[in-house]
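All remarks here apply to the structure that follows.
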Amino acid sequence: MKKLLHLLTVTSGAYGPIFLRLFLALVVFPHGAQKMLGWFGGYGFEGTMAFFTGKMGLPYAIALLPILTEFLAPIALFFGFFIRIAALALGVNFLVVLTVLWPNGFFMNWYGTQKGEGIEYVLLIFGMVLALIVGGAGRFSVDRVIAEKTE
């Protein structure tokens, strides 16, 4: 167990992952707060669950996953806590988003001339997520503290 914990949390003392973590958290957290708390013009937990289960027809457990992922993963990213798990969860979450946006093409809908948003935003998220999964949380992270204690 100690070895697994170390493998999940081991990271370098690099500064780069801090920026990846913080900016990814900054971008994703508002989406999670919309879904979970109703902040930023969102529908909150009840409204989002009603949409996912009612209009989209998702089972309750499946509908719960994006809400929890988009709300909790950015908090984990901010603190650098189990970064690889948080990043993987976001990667899976945005893989679903990618399948929804794929028919709209590559570019975001800056001018309102497309059917919907393209995939470029999601690709940036994937790049950040992959860098965090491979490199870890970096300096100033809970993961780094855990890894040092489990060596």
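Since every read-out is calculated from the coordinates, none of them should be taken as a lab result. This one's a predicted model, so the numbers in the text were calculated from it and none came from an experiment. Glycine also receives a Cβ, built like all others from the backbone with ideal geometry; neighbour counts cover every protein chain displayed.
Taking the Cα centre as origin and putting +1 on Lys and Arg beta-carbons and -1 on Asp and Glu beta-carbons, what dipole magnitude results for the chain, to the nearest 20 debye? Intermediate results must be reported in sequence, preceding the final value.
Details: 10 positive and 7 negative charges, 55 e Å.
The dipole of the chain has a size of about 260 debye.
Taken along the Cα-to-beta-carbon direction at a fixed 7 Å, the label points for F40 and V100 span 1.4 nm. Using Cα atoms only, what is the angle between the long axis of helix 120-135 and the major principal axis of the chain, expressed in degrees (0 to 90) to the nearest 10? With rounding to tens, the tilt is 20 degrees.
Counting only other residues whose beta carbon sits under 14 Å from that of G44, what net charge do I get with K and R as +1, D and E as -1?
On the way: positive: K35; negative: E46, E70.
Result for the local shell: -1.
Relative contact order of the range 16-137, please, whole-number percent, based on alpha carbon pairs below 8 angstrom and at least 6 residues apart. Each step should come with its number before you reach the end.
On the way: 159 pairs, mean separation 32.1, N = 122.
It comes to 26 percent, rounded to a whole number.
Relative to the longest principal axis of the Cα atoms of the chain, helix 83-101 runs at roughly 20 degrees. For the pair F126 and A14, a Förster radius of 30 Å applied to the C-beta separation gives a FRET efficiency near 0.90, rounded to the nearest 0.05.
To the nearest ten degrees, helix 60-79 and the longest principal axis of the Cα atoms of the chain are 50 degrees apart.
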